[in-house]
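Please treat every number below as a calculation from the coordinates, not as lab data. Bear in mind the structure is a predicted one, so any value in this text is a computation, not a measurement. In this analysis, Cβ positions are derived from the backbone assuming ideal geometry, glycine residues included, and neighbour counts consider all displayed protein chains.
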Amino acid sequence: MKKTVHNAAARAAAKAEEAARSQAQDMLHTMLQDLIQIDDRPEIWAAFPQFLQALPHFSTVIRDTHAAAMRSNPKIDLFLAIALEILVAMCDAHQGQVPAAVARLTRAATMQSNSLLLQGALFHVQGLADPANPKYRLEERFCVKPFTELHVLERTTHQCCANWLPTSAGDLSASSWESVWNSPTAQAVRASIHDGSYRHCNKTACPDIQAGTLPTKQQAMARWPGLAALIAARETEMAGGPEDVNLAYDVTCNLSCPSCRTTKQAADAATRERYAEMQERAILPMLREAKSVFITGSGDPFASKNFRQLMERLTPDDYPDLRFRIMTNAMLFTPREWEKFPALHARVQSLQISIDGASKHTHELLRRGARWEVMEENLRFAADLLAQGMVESLYLSFTVQVDNFHEMGAAVDLAESLGVTGLYFGKMTNWGTFSPEEYAQKAVFTPTHPQFRAFLAAMADPRLRSPRAILGNLVDYLPQQAAAA
C-alpha cells in the first residue's frame, strides 16, 4: 500500500514538474515572439524577476534553449540569437550575476551596435550594476528633441540623430512635412519620452542619456515653458513645425573617411534634381517656421551643389529668424568660399569642424583625402570668424576609435590654442561601413578590446577635464574621482 502511494506521489510530482516546465517553455515562446523586433522592451526587463519567481524552470529552459540553438544552428536568425542572448543575460542579472550579464551583453552589443533591443537590455543591466546612478531612471527625465527636431535623410526622417533614434517618422521626399512631423510613428516616439520607456532610442549611444544630462520633467517645463502644458498632458501632436531642422539627405562629400564610407560619393544629376524638388516643395516652406537649420551630418555642405544653392536661398530678408548650424570637414572652408555665402555672415549659430586627429598622420589617415596643412590654415580662419563675431560658436568634433584615442589630449591642446567654444568627443559609430568584426576591432572603448587599458589611460589625461572638452557618451570612462568631480 505504501509503495502504491509513493509511486502515485512520484507520478504526480513528475507530472507537475512536466507541466511547470511546459509552462516555462510556453512563456519563453511567447517572449521570443515579442522580442523578435527592433525596439527596446524595458517593461520586460523590469518585470523579469517576476517571471523567474513565477516560473521556477524559466531560467533552465532559457539556458537550455540558448545552448541548443547555438550548438545546432550556427546560422541562427540574428533577431532570435539576440533575443536568446538577452534572456540568458537577464537570468544572470536577476540571479546574482550582474557583472556576468554586463559582460555578456557588452560583447554582443559591440557586434550589433545598432540593435535597440540589445542596447536597451545592456542599459538595463548596467543600471542594476550602478543602482544609485540617476541616469538609468529615464522615467523621471524628458528629452525635448522629438518635440522640436526633424532630421531629413534621403528616404527617412528622424526626430533626433538617426544613429540614436533610428525609427523613421516618414519620407519627406514623398510626403508633406506636416504629415511627416505628426505621423503616427512620430507621435509614438514622443509617447515613449512621456512614458519614460525611450524604447525607440539607442540608450548606450545617446550622449545625453550617457552623460546623464537629460532634465527632469519639472526642469524641462521651466526650461521650455512653451512645452509645459504639452509635457503635463503627455500630448504627442505638435501644433507648430520643428524648430530645429537637420538636413542630411545629400551624402556628397569631397572626402571619403573610412568611418563613414568606403569611396568618395557625389550625387548625380538625377539625384540632385530629386533633392531640388524636395527642397522647393517641403524644405523651404518648413524652414519658414524653424529657428535653426543644420547643414549637414551626411556629407559636406560646401561640396554639395544642392546645399550650396539652399544656403544661397536662405537669405535674412526671406528667413529673418533662421540661424545656421554648419558642419564641415573644413577642406573647402576658405575665405574665398565664405565670401560666396553672404547669407551665412553673422547668422551662423554654430560652426562644427570634424578633426578626428591632432597630427598630420592621424588626421590624414582617418579623414581620407584631407591635407593637414590645409586643415590648420582653415581652422585658423574659422577661429578668426569666431573672434570677429561672424559665427556665434565654434566646435571641433573628434570621433574616438583605436587609431586616434591616443591623441585626445593633444586635440584638447589644439582646441585651447584656437580658442574654440568646445571640443566634442564621442564613440565611433558603425554606419554600415564595417562588418561587426571590423567594428569590434575599431571600438577601443569596449572592455574586451586588447587596447582597452591604454584607452582608459588616455581617458585619465588631465587635459580631458578642460571646460572645452565635451565627453558625451565617453563620460563613464573617466577615472572615478574625476567623474565624481
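Just one of [x] 22.5, 78; [y] 25.4, 104; [z] 37.7, 138 is Rg and Dmax of the Cα atoms in Å as worked out from the coordinates here. Which one is it? Computed from these coordinates, Rg and Dmax of the Cα atoms in Å corresponds to label [y].
Around the amide H of Thr296, modelled in the peptide plane, lie the amide H atoms of Met327, all under 5 Å away and 5 or more residues distant in sequence or on another chain.
Between Phe79 and Val374, residue separation times 0.36 nm minus the direct Cα-Cα distance comes to 101.6 nm. Segment Gln480..Lys264, full-extension length gain: 73.6 nm, with 0.36 nm per residue of separation and the alpha-carbon distance subtracted.
3J(HN,Hα) along region 136-151, derived from phi through the Karplus expression 6.51 cos²θ - 1.76 cosθ + 1.60 where θ = phi - 60°, amounts to 8, 9, 5, 4, 8, 10, 9, 10, 7, 4, x, 9, 10, 10, 9, 9 Hz, with x in place of Gly and Pro. When region 267-366 is described by a simple charge dipole with +1 on each Lys and Arg Cβ and -1 on each Asp and Glu Cβ, the residue from Val293, Pro335, Ala346 located farthest towards its positive end is Ala346. In loop segments of region 155-209 as defined by DSSP, the trypsin sites (Lys or Arg not before Pro) with at most 16 further C-beta atoms inside 10 Å of their C-beta are Arg155. Can you tell me how region 415-485 classifies by the Cα gyration tensor, rounded, prolate or oblate, using a/c under 1.5 as the rounded cut? Here region 415-485 falls in the oblate category. Can you pick out the pairs among Lys305/Lys360; Lys360/Lys427; Lys264/Lys291; Lys135/Lys427; Lys360/Lys442 whose Cα atoms lie more than 23 Å from each other? From Lys305/Lys360; Lys360/Lys427; Lys264/Lys291; Lys135/Lys427; Lys360/Lys442, over 23 Å: Lys305/Lys360; Lys264/Lys291. With both labels modelled 7 Å from their Cα along Cα-to-Cβ, the Ala100 to Gln451 distance reads 3.3 nm.
Projected label points at Asn7 and Ala211, each 7 Å from Cα along the beta carbon direction, are separated by 7.4 nanometres. Note that region 275-282 has calculated 3J(HN,Hα) couplings of 4, 4, 5, 5, 4, 5, 7, 10 Hz, one per residue in order, obtained from phi through the Karplus relation 6.51 cos²θ - 1.76 cosθ + 1.60 (θ = phi - 60°); glycine and proline are x. Per residue, the chain reaches -14000 deg cm²/dmol at 222 nm when only DSSP H runs of four or more residues are counted, each adding -39500 (n - 2.57).
Exposure proxy for Thr271, Thr157, Thr148: other Cβ atoms within 10 Å of each Cβ, ordered fewest to most, give Thr271, Thr148, Thr157. Quick check: the angle from helix 58-72's long axis to the longest principal axis of the chain, C-alpha only, nearest 10 degrees? Rounded to the nearest ten degrees, it is 70. Across region 290-295, rounded Karplus estimates of 3J(HN,Hα) from the backbone phi angles (6.51 cos²θ - 1.76 cosθ + 1.60, θ = phi - 60°) give 8, 9, 8, 10, 9, 9 Hz, Gly and Pro being marked x.
For the pair Ala233 and Ser175 in one chain, pulling the backbone fully straight at 0.36 nm per residue adds 18.0 nm over the alpha carbon distance.
By other beta-carbon atoms within 10 Å, ranking Cys161, Cys201, Cys143 with the fewest at the front produces Cys161, Cys143, Cys201.
Each Lys or Arg adds one and each Asp or Glu takes one away; over the other residues whose Cβ falls under 12 Å from the Cβ of Trp164, this sums to +1. With a simple spin-label model that places each label point 7 Å from the Cα along the Cα-to-Cβ direction, the separation between Arg71 and Asp34 comes to 2.8 nm.
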